[in-house]
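This report refers to the structure that appears directly beneath it.
The values are calculated or read from the model by the stated rules, or taken from the named source; none is laboratory data. Treat the numbers as computed from the prediction; the structure is a model and nothing was measured. All Cβ positions, glycine included, derive from the backbone under ideal geometry; neighbour counts span all protein chains shown.
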Ligand code: NBP
């Protein structure tokens, strides 16, 4: 082993870990690496890490001995049990004040539990969201660290050096301390849930333009190129544009047309949706996006149903092509704003429940670069929360109120047309319904409360006086003649 100790240790050299290790080294740090299957360590040392500032280790003991104190040792392994096992292997080998970092996609409750457990051993823990896939890991991910606050100053220089950078001088890191316990992983989960919503909305726009308007892939490429130059400018719009240009080398057909319409999922969208229900906040975009994937996965059932059930007959989209494309763009933008509004409302509710001092402007900044939902309009979200850190809902920020106002007519038109045509647009529809529900002072829940009180004596509140009331509905009702 070389005499000089490493600044950082990394366990787990699959796509994410290997790229992250190379990223850390490229910023001038010495990195010790270990992987359970040690041939992977050798392959890295003899390959991409050759003649670089690495220490290849064949055991966890060797890795721990190779890192300077206070040690910063990051795990990039399969989430769940492997992380707990590794923590238990590391604890007896570490010294007081050392930091264990988990960079995997974990349910935030695991990070809460691990923070407490690791701190009880006089060590520090960080559970950090890492977004941007393998390319982000190598070139600059978005990072969302939470856990033991005392660990942050120790890892901050390295994390901010490796993260994506934004701003006019490309010097603002997309990595900032999120909060204690599981706060970092919660924010990463909401990032992923918003990503579900963004992807679903883009797919609905695609479906409307393809099935409704009959655009070709070449035309779709042009539309998405145009959209990417305006307020929708984002990584997901950009890659969608690119997808429309790719042809299958075997058949010469467009690749997108050769792919089975059955979506997979790894579960972070479902987590966000479940937690929204627990908190009682309406994160309907992510929920519809998860359901849309579930429905897509029922491919065989849909194929059978398509032979039996039919939609509206003889309804054709009569529209000025250019105008309809612009209307769909506006509907997509407005729905996206509603989706982000919901995501931040959920974060606010979770922060209140867990007493996390979240900085929403900073969170928007973390997502501004490096990650999958990176987009120009996150700058506007940051500005909105910087101007009013207690902003109740993004829809109430003047910029977004105005943006929705100008998109509203097109948004409604697109949803109506989709329904008339029988093209499913659950994301657009739920976003509009959320907007309409949120802006309505008096909803029909008065009747709902009456029904609950009628059959279950659940009581209700009155408009004219405080308290809980019950009515003997059966006695007072009009008696059937
Ligand atoms: P994987 O999630 O595929 O995990 C593979 C790594 O885990 C290998 O290094 C493997 O070692 C190691 N490992 C396993 Br499996 N069980 C282990 C155990 N019991 N003890 C020690 N090591 C164990 O790798 P990945 O795709 O690079 O992702 C790593 C983490 O980053 C995951 O939590 C993932 O959710 C998260 N993440 C991934 C992405 C992405 O785009 N892939 C993006 C953001 C976050 P072996 O070589 O010996 O099998």
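With respect to residue 72, determine if the residue is closer than 22 Å to residue 180 by Cα and either surrounded by fewer than 17 Cβ atoms within 10 Å (Cβ to Cβ) or away from the ligand (no atom under 11 Å from the Cβ) (or both). It would help to see each step written out before you state the result.
Working: closer than 22 Å to residue 180 by Cα: yes; either surrounded by fewer than 17 Cβ atoms within 10 Å (Cβ to Cβ) or away from the ligand (no atom under 11 Å from the Cβ) (or both): yes.
The answer is yes for residue 72.
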| request: Please enumerate the residues belonging to the stretch 55-77 that are in a strand (DSSP E or B), touching a residue at least 60 places away in the same chain (Cβ under 8 Å) and in contact with a helix residue (DSSP H, G or I) (Cβ under 6 Å, 6 or more places away or on another chain). | output: 72, 75
| said: Can you find a residue that is farther than 22 Å from residue 432 by Cα, at pLDDT 95 or above, within 16 Å of the ligand (Cβ to nearest atom) and in contact with a helix residue (DSSP H, G or I) (Cβ under 9 Å, 6 or more places away or on another chain) anywhere in the stretch 300-314? | reply: no
| field | the stretch 110-140 - residue that is within 12 Å of the ligand (Cβ to nearest atom) and part of a strand (DSSP E or B) and, of those, farthest from residue 76 (Cα to Cα) | value | 131
| Test set (1) buried (at least 20 other Cβ atoms within 10 Å of the Cβ); (2) touching a residue at least 60 places away in the same chain (Cβ under 8 Å) - residue 101 fails condition number | (2)
| query | Taking into account only those residues within the stretch 10-38 that are in contact (Cβ under 8 Å) with a residue 60 or more places away in the chain, surrounded by fewer than 24 Cβ atoms within 10 Å (Cβ to Cβ) and within 15 Å of the ligand (Cβ to nearest atom), which is farthest from the chain's Cα centre (by Cα)? | reply | 22
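Going residue by residue through the stretch 147-155, is there one that turns out to be buried (at least 24 other Cβ atoms within 10 Å of the Cβ), assigned to a helix (DSSP H, G or I), away from the ligand (no atom under 16 Å from the Cβ) and at pLDDT 95 or above?
From the stretch 147-155, those buried (at least 24 other Cβ atoms within 10 Å of the Cβ) are 147, 151; that's our starting set.
Checking the rest, the ones that are also assigned to a helix (DSSP H, G or I) come to 151.
Filter again for away from the ligand (no atom under 16 Å from the Cβ), leaving 151.
If we keep only those that are at pLDDT 95 or above too, we end up with 151.
Within the stretch 147-155, one or more residues are buried (at least 24 other Cβ atoms within 10 Å of the Cβ), assigned to a helix (DSSP H, G or I), away from the ligand (no atom under 16 Å from the Cβ) and at pLDDT 95 or above.
Out of curiosity, is residue 184 within 16 Å of the ligand (Cβ to nearest atom), surrounded by fewer than 23 Cβ atoms within 10 Å (Cβ to Cβ) and either under 28 Å from residue 353 (Cβ atoms) or under 15 Å from the mean Cα position of the chain (by Cα) (or both)? So that I can check it myself, show each step before the final result.
Working: within 16 Å of the ligand (Cβ to nearest atom): yes; surrounded by fewer than 23 Cβ atoms within 10 Å (Cβ to Cβ): no; either under 28 Å from residue 353 (Cβ atoms) or under 15 Å from the mean Cα position of the chain (by Cα) (or both): yes.
When the stated conditions are applied, residue 184 does not pass them.
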| message | Tell me whether the stretch 84-101 contains one or more residues that are under 21 Å from residue 362 (Cβ atoms) and either assigned to a helix (DSSP H, G or I) or within 16 Å of the ligand (Cβ to nearest atom) (or both). | response | yes
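Can you go through 138, 63, 124 and tell me which one is more than 25 Å from residue 180 (Cβ to Cβ) and surrounded by 23 or more Cβ atoms within 10 Å (Cβ to Cβ)? Give the derivation first.
Working: 138 fails: surrounded by 23 or more Cβ atoms within 10 Å (Cβ to Cβ); 124 fails: more than 25 Å from residue 180 (Cβ to Cβ).
Of 138, 63, 124, the one residue that is more than 25 Å from residue 180 (Cβ to Cβ) and surrounded by 23 or more Cβ atoms within 10 Å (Cβ to Cβ) is 63.
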| query | Across the stretch 241-278, what is the total count of residues that are in a loop (DSSP other than H, G, I, E, B) and surrounded by 11 or more Cβ atoms within 10 Å (Cβ to Cβ)? | reply | 9
| request: Answer yes or no: is there a residue in the stretch 441-451 that is farther than 27 Å from residue 201 by Cα, without any contact (Cβ under 8 Å) to a residue 24 or more places away in the chain, surrounded by 11 or more Cβ atoms within 10 Å (Cβ to Cβ) and touching a helix residue (DSSP H, G or I) at 6+ places or on another chain (Cβ under 7 Å). | output: no
| query | So residue 41 fits all but one of (1) more than 29 Å from the chain's Cα centre (by Cα); (2) within 15 Å of the ligand (Cβ to nearest atom); (3) on the phi > 0 side of the Ramachandran plot; what number is the exception? | reply | (3)
| Enumeration of residues in the stretch 410-455 that are within 13 Å of residue 328 (Cβ to Cβ) and within 25 Å of the chain's Cα centre (by Cα) | 411, 415, 425, 427, 428
